[in-house]
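See below for the structure under consideration.
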Amino acid sequence: MRKTFQLRFEWDIVNIRSEVREIAKEVGFNELDQARIVQSISELARNVIHHAEKGYITIYTVEEEERKGLRIQVQDSGPGIPNFEELMTRGQSQNIGETSGLQQVEMLMDELTSIPVEEGTCVEVTKWLKPSQMLE
């Protein structure tokens, strides 16, 4: 399963959140993990709207090493994040209220990676089903 959403306006986020929650439910995520995934989508999508004006969100199922999950890739055509690694490590010594949105996404998801692109920013996040969810 693979689905791509175009992101240009704030109201696009509402539709994307709704569809992604349904996809997460179909994959087998419990309600708590569905909420984590949807919150991550909201944060990543808002970054696109506020910093780049437009972008794309692609969500797809992944299976690796007997694990199953959802991978979400968000790409925009904005100015990019020149100091991505610094941004991600800077808040580790700060209070939770001082973390960036990307750091919050990193806490909600299992993996967060920056993918080099010629223009803009591309971030990929993954949430894995827990073994108990895979049995259900």
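Just to check your reading of the model, which residue among 89, 121, 58 is at pLDDT 95 or above and of a type in the set (S, T, N, Q)? Outline the logic, then answer.
Values: 89 fails: at pLDDT 95 or above; 121 fails: at pLDDT 95 or above.
Just a single option satisfies the conditions, and that option is 58.
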*Any residue in the range 21-30 that is at pLDDT below 95, among the basic types (Lys, Arg) and not in a strand (DSSP E or B)?*
no
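Would you mind stating whether residue 49 is modelled with pLDDT of 95 or more, more than 23 Å from residue 131 (Cα to Cα), of a type in the set (Val, Ile, Thr) and in contact with a helix residue (DSSP H, G or I) (Cβ under 7 Å, 6 or more places away or on another chain)? Step through it out loud before you land on a result.
Working: modelled with pLDDT of 95 or more: no; more than 23 Å from residue 131 (Cα to Cα): yes; of a type in the set (Val, Ile, Thr): yes; in contact with a helix residue (DSSP H, G or I) (Cβ under 7 Å, 6 or more places away or on another chain): yes.
No, not satisfied.
The values are calculated or read from the model by the stated rules, or taken from the named source; none is laboratory data. In this text, all values refer to a predicted model and were calculated from it rather than measured experimentally. Glycine gets a Cβ as well: all are built from the backbone with ideal geometry, and neighbour counts include every protein chain shown.
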